[in-house]
């Protein structure tokens, strides 16, 4: 059976604080842990009024102490914003704190606008994006990955005496990232919820370019899916998340509106484009469409993201999906 996981953006709703958004993420991680989800990932976004998750390593460290079983990771760390040694050190330490539970999901996109990206890089040029393949390999080497020549680490190491290493997963929404993940023999997480029109090509590219390694003799594919389930009025309750996504795509950033505000928002008539590829409805319909997605892509795992104004709707959706999928939680 295809595994189910959670990607949470720590979204800030209208009238909510950053502290409330992070508290909701913590509660959701604890719920996912109890329900039997496989992983819980958090994102990296910067200078966005609707997203509180700016530092995955800090949030993961907190979630590790608040949960018991579930794997925790970044979905993802945007490597062009950071030095490979810093990322490797952070995740090696997280692995030491929570052994066998840490994933390092690496992405290439900046996760923000150009001005903020430049500030994050501290004057580093845009060559950080061009150097992405080298930086991924160097991060792997710094974590002691035996698949990489030791000299790539340039005599450095992320931690003095590791007993285990985080799982490195490459993220992407294009054939470029799919090919890189395949040639490096890494698990690949494709952002279907972001670029459904490229999913077929991305999956095929990954599978065709995959080079087996001792750690991963077979491709491992994670498909990101946007899904929301509710007993009643799923379309109405999902409208705030659709408007928030529309705001990201049109650069009209704002906190996720309440349902009442969303229903009165004139932009609600323009959400059809972002509605494409999203799975919304009653439990059985959502489960059916998730199974169709898994079958069509050959996914080993589906990673579900859900944006709502309030925690209760988001939590209930994950409960319904867990029930319908037959997850064996506590």
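Only the coordinates and a few stated rules stand behind these numbers; no lab work does. Quick caveat: nothing in here was measured; it's all calculated off a predicted structure. A quick note on method: Cβ atoms are made from the backbone with ideal geometry, for glycine too, and the neighbour counts reach across all protein chains shown.
Neighbour counts of other C-beta atoms within 10 Å: give me 309, 38 arranged from fewest to most. It would help to have the intermediate numbers written out before the result.
Details: 309 27, 38 18.
Fewest-to-most Cβ neighbours within 10 Å comes out as 38, 309.
So how do 248, 222, 287, 70 line up by other beta-carbon neighbours within 10 Å, fewest first?
Numbers: 248 17, 222 29, 287 20, 70 24.
By the 10 Å Cβ count, ascending, the order reads 248, 287, 70, 222.
Given contacts defined as C-alpha pairs under 8 Å and at least six residues apart, what's the relative contact order of the stretch 165-234, whole-number percent?
On the way: 120 pairs, mean separation 23.0, N = 70.
The value is 33 percent.
Any chance you could run the full-extension gain for residue 154 through residue 119? It's 0.36 nm times the residue separation minus the Cα-Cα distance, nm to one decimal. Each step should come with its number before you reach the end.
Numbers: separation 35, 0.36 × 35 = 12.60 nm, distance 2.66 nm.
Computed gain between residue 154 and residue 119 is 9.9 nm.
If I model a spin label as a point 7 Å beyond the Cα along the Cα-Cβ vector, how far apart are those points for residue 131 and residue 47 in nm?
Between residue 131 and residue 47, the simple spin-label model gives 2.1 nm.
Report the equivalent ellipsoid semi-axes for the stretch 234-274 in whole Å, largest first, defined as the square roots of five times the eigenvalues of the gyration tensor built from alpha carbon atoms.
Values: eigenvalues 41, 24, 16 Å².
Three semi-axes, in Å: 14, 11, 9.
Contour minus end-to-end for residue 289 and residue 195, with contour as 0.36 nm per residue of separation and end-to-end as the Cα-Cα distance? Could the numbers behind the result be given before it?
Working: separation 94, 0.36 × 94 = 33.84 nm, distance 1.70 nm.
In short, 32.1 nm is gained.
Normalised by the number of residues in the chain, what is the relative contact order in percent for Cα pairs under 8 Å and 6+ residues apart? Walk me through the intermediate numbers first.
On the way: 649 pairs, mean separation 65.6, N = 330.
Value for the chain: 20 percent.
Choose one answer from 217, 166, 56: the residue with the largest mean-square fluctuation in a GNM of the chain with alpha-carbon springs under 10 Å.
Maximum fluctuation in the GNM of the chain, among the listed residues, is at 217.
Given a Förster radius of 25 Å and the C-beta distance between residue 176 and residue 1 as r, what FRET efficiency does 1/(1 + (r/R0)^6) yield to the nearest 0.05? Don't skip to the end; give the middle numbers.
Working: r = 31 Å, r/R0 = 1.23.
Plugging the Cβ-Cβ distance into 1/(1 + (r/R0)^6) gives 0.20.
Can you tell me, using C-alpha contacts under 8 Å and at least 6 residues apart, the relative contact order of the stretch 1-107 as a whole percent?
Details: 174 pairs, mean separation 27.6, N = 107.
Answer for the stretch 1-107 is 26 percent.
Can you pull the one-decimal nm distance between simple spin-label points at residue 18 and residue 258, each 7 Å off the Cα toward Cβ?
2.4 nm
Quick one: angle between helix 175-184 and the longest Cα principal axis of the chain, in degrees between 0 and 90, rounded to 10, please.
Orientation of helix 175-184: about 40 degrees from the principal axis.
Specify whether the C-alpha gyration tensor of the stretch 196-307 places it in the rounded, prolate or oblate class, a ≥ b ≥ c being the square roots of the eigenvalues: rounded for a/c under 1.5, otherwise prolate if a/b is larger than b/c and oblate if not.
Values: a/c = 2.93, a/b = 1.94, b/c = 1.50.
It comes out prolate by the Cα gyration axes.
What order do you get for 158-165, 73-80 when each peptide is scored by the mean count of other beta carbon atoms within 10 Å, highest first?
On the way: 158-165: 14.0, 73-80: 26.1.
Highest mean packing first, the order is 73-80, 158-165.
Work out how much length residue 62 to residue 300 would gain on full extension: take 0.36 nm times their residue separation and subtract the Cα-Cα distance, in nm to one decimal. It would help to have the intermediate numbers written out before the result.
Values: separation 238, 0.36 × 238 = 85.68 nm, distance 2.77 nm.
Contour length minus Cα-Cα distance gives 82.9 nm.
Return 31, 4, 201 ranked ascending by Cβ neighbour count within 10 Å, so the fewest neighbours appear first. Spell out each step's value before the answer.
Numbers: 31 22, 4 25, 201 14.
In order of increasing Cβ crowding within 10 Å: 201, 31, 4.
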